Amino acid sequence: MRQKRILTRRQKTLRRGAVMAVLLALVVFMGDYGFTPRYAIRMAEESVDCGKTEVVQKLGAAPVEHTPWNRLYVSANERAVLFTSAEYHFSHGWEDRDGGCVDCVEDTPVHGAIYKLTSTWTEEATPDDPTGRKYDEVWYLYGRVDDPRGVSIQGAITYSEEWDGEISGIWAEQTSSREEWVRKGGYSYFVFPLYTRTDWKQGDGPEGGRFYFQLKLLDAEGNVLYEDQDLGGTGTTMSK
Amino acid sequence: MEKLRPGGGGGAFHRAGAGVKVMEDFYRVVLAQLRFVGEDRRRAIRQELAAHVADHAEILEKGGWDREEAQRLALEAMGDPEEIGKGLARAYSPVWFWMYRLVNIGLTAAVVLVLLRGPAVRLSECRYSLEARKDPWPPDPKLIQRTVDIRIPMVTDELYIYSVGVDPEEKTAMVDFCTYDRNPFGRASQMQYDAITITNEAGESTYQVAAHIIDRMGVAYGFYKGIPIAPGDTYLTFDFDRFGVHRSYILPLPEWEGEA
């Protein structure tokens with residue numbers, strides 16, 4: 001009779017270790033561990049209830065300092081454009097952080113929204129800056145162009161000195177042309193940083209006032225096809 | 001253990017069963033030295049030693065020795081069992097012994113986690129989701145309440161408005177709602193309040209007044225409070241508009257003292 005092969009302890013340890021690794025992978029999977037950033041997109045879809053989306057553009061890591069390991073994505077389906085800030089945590093894997101969403105169902109030439117990404121950290125307090133709190137911020141303008149005549153998007157941040165006061169001026173503006181947009185599924189998608197400010201502190205903005213976000217869609221002759229003077233948006237803050 | 005001596009110590013083997021006992025003692029002493037060796041390997045070492053003794057005894061038998069004597073001499077030729085055991089023990093480091101045991105403990109823990117954790121998380125989410133459909137969180141007991149049952153199908157979720165309350169002193173109304181995924185194992189959305197507009201009888205829109213969301217994964221609860229109402233008001237208008245789903249409902253207020 002053939003004698004049963006006896007494994008060495010090293011072989012047995014490695015074999016059982018492999019089984020354990022598979023089981024642990026199953027644990028984290030069943031416990032909703034996000035193995036890839038796509039899981040964060042799925043979470044963002046669930047949190048806005050827009051249905052499954054396809055990735056339109058990968059923006060890579062957030063261009064702000066002092067952030068955890070993160071990636072930004074714009075994904076879309078027929079009814080929505082989704083902005084996902086995916087962040088990696090060792091214990092949970094990839095998770096979304098308050099994704100933004102544009103409802104594209106309404107029949108308008110362009111659908112857009114703002115997504116503000118803030119990174120904050122604390123430095124030594126100074127008389128000028130008693131809290132020592134510092135910020136990096138990027139304001140993205142993203143969305144979908146449905147009117148084929150549209151060739152460029154003009155985004156602007158205007159501000160008022162008082163909360164409900166008159167618009168005092170333009171804080172920042174940026175233009176994106178059709179060549180920069182992504183064509184997918186018969187639609188044109190755009191996303192660009194409308195405004196970036198780094199290493200700023202509380203009170204550097206219009207104190208007591210507020211920002212407004214404008215979006216204009218222009219045709220080849222420079223005619224305004226659509227204009228929104230008070231664009232909505234969402235955002236997230238990452239702390240060091 | 002009885003010491004085995006060449007030529008003279010074989011008497012034990014000639015007593016009935018004594019040979020077997022001596023051999024068993026020999027193996028026991030060898031194996032006693034192997035602290036960091038598992039049961040499988042102990043069996044293998046024992047088999048190896050027994051085979052070695054048997055092979056040697058067979059050769060002696062062929063050389064003319066009787067069976068008992070051949071076994072005794074073969075065993076004696078093996079040497080001191082304690083020394084053999086110690087020699088073998090040096091080949092087995094305690095590192096892999098303990099590693100093996102640790103992996104076994106880890107493996108057991110992983111199995112328990114697989115069996116319990118994932119399903120437990122999913123089931124608790126599912127429980128909250130199912131609970132919300134029939135028996136959602138009770139509204140503020142300090143208010144006069146009216147139960148309603150309005151369910152708005154969204155993309156994958158459902159919005160359930162289940163109570164309208166009135167605070168007669170403050171002359172305000174409150175609307176309680178929740179969302180849950182139609183799939184009980186799915187997650188509830190949390191941004192539906194963006195899509196809700198509540199209007200009082202005076203036509204004042206109370207969009208986003210004190211909306212609050214409490215997320216429990218399987219269900220997200222929210223409410224609008226502080227909606228101004230006037231004596232005589234009997235209803236609110238509730239509008240939902242998101243991703244192409246447009247719904248408008250009249251929410252009857254409960255009877256309250258300020259009513260005309």
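Derivation of every value follows stated rules applied to the coordinates shown; laboratory data play no part. Here the structure is a predicted model, which is why all the values come from computation and not from measurement. Note: ideal-geometry Cβ built from the backbone for every residue, glycine included; neighbour counts use all protein chains shown.
Of all DSSP beta bridges in the protein assembly as shown, what percent run antiparallel (nearest 5)?
Around 95 percent of the beta bridges assigned by DSSP in the protein assembly as shown are antiparallel ones.
What base-10 log of the normalised intensity I(q)/I(0) is obtained for segment B:74-176 from the Debye formula, alpha carbons as equal point scatterers, at q = 0.11, 0.12 Å⁻¹?
Scattering profile of segment B:74-176, log10 relative to I(0): -0.67, -0.72.
What's the local net charge at A:V81, with K and R +1, D and E -1, over the other residues with C-beta under 10 Å away?
Counting the neighbours of A:V81, the net charge comes to +1.
Could you identify which residue out of A:T126, A:T53, A:T84 has the top mean-square fluctuation in a GNM of chain A using Cα springs shorter than 10 Å?
Looking only at A:T126, A:T53, A:T84, the largest GNM fluctuation is found for A:T126.
Where does helix A:37-48 land angle-wise versus the long Cα axis of chain A, in degrees 0 to 90, nearest 10?
Once rounded, the angle reads 60 degrees.
Using only Cα atoms and rounding to the nearest 10 degrees, what angle (0 to 90) does helix A:9-30 make with the longest principal axis of chain A?
The two axes meet at around 30 degrees.
Please compute the modelled spin-label separation between A:T196 and A:H92, points set 7 Å along Cα→Cβ, answer in nm with one decimal.
Placing both labels 7 Å along Cα→Cβ, they lie 2.8 nm apart.
Would you calculate the separation in nanometres between label points at B:A202 and B:V111, each defined as 7 Å from the Cα along the Cα-to-beta-carbon direction?
6.9
Fewest first, what order do B:E39, B:E255 take by the number of other Cβ atoms within 10 Å?
B:E39, B:E255
Calculate the FRET efficiency for A:K184 and B:S124 from the Cβ-Cβ distance with a Förster distance of 35 Å, rounded to the nearest 0.05.
That gives a FRET efficiency of 0.35.
Peptide B:28-40: average number of partner chain Cβ atoms within 10 Å per residue?
Shielding by partners across B:28-40 averages 1.
How large is the charge dipole for chain A, taken about the Cα centre, if only the Cβ atoms of Lys, Arg (+1) and Asp, Glu (-1) carry charge, to the nearest 20 debye?
3200
Quick check for me: using +1 on Lys/Arg Cβ and -1 on Asp/Glu Cβ, what's the dipole size of segment B:87-167 about its Cα centre, in debye to the nearest 20?
580
Using 27 Å as the Cα-Cα cut-off, could you pick out the over-long pairs in A:K116/A:K201; A:K134/B:K225; A:K58/A:K216; A:K52/A:K116; A:K116/B:K171; A:K52/A:K134?
A:K134/B:K225; A:K116/B:K171; A:K52/A:K134
Distance in nm between label sites at B:D149 and A:E106, each 7 Å beyond Cα in the beta-carbon direction?
Those two pseudo-labels are separated by 3.4 nm.
Of the options B:T234, B:Y249, A:L26, report the single residue whose Cα projects farthest towards the positive end of the charge dipole of the protein assembly as shown (beta-carbon charges: Lys, Arg +1; Asp, Glu -1).
My answer, from the dipole projection, is A:L26.
Please list, short to long, the whole-number percent of alpha-carbon pairs of segment A:91-187 in consecutive 10 angstrom bins beginning at zero.
Taking all Cα pairs of segment A:91-187, the binned fractions are 11, 28, 34, 19, 8, 1 percent.
Could you list A:T131, A:T13, A:T118 so that the one with the fewest beta carbons within 10 Å of its beta carbon is first and the one with the most is last?
A:T131, A:T118, A:T13
Using only the Cα atoms of the protein assembly as shown, what semi-axes does the equivalent ellipsoid have when each is the square root of 5 times a gyration tensor eigenvalue? Give whole Å, largest first.
76, 30, 21
Roughly how large, in nm² to one decimal, is the mean projection of the convex hull of the alpha-carbon atoms in chain A?
20.3
Under unit Cβ charges (Lys, Arg +1; Asp, Glu -1), what dipole magnitude, rounded to 20 debye, does segment B:48-96 have relative to its Cα centre?
Taking the Cα centre of segment B:48-96 as origin, the dipole is about 240 debye.
Fewest to most neighbouring Cβ within 10 Å: what's the order for B:Y249, B:Y193?
B:Y249, B:Y193
Set the Förster radius R0 to 60 Å, insert the Cβ-Cβ distance between A:E65 and B:A91 as r into 1/(1 + (r/R0)^6), and round the FRET efficiency to 0.05.
After rounding to 0.05, the efficiency reads 0.60.
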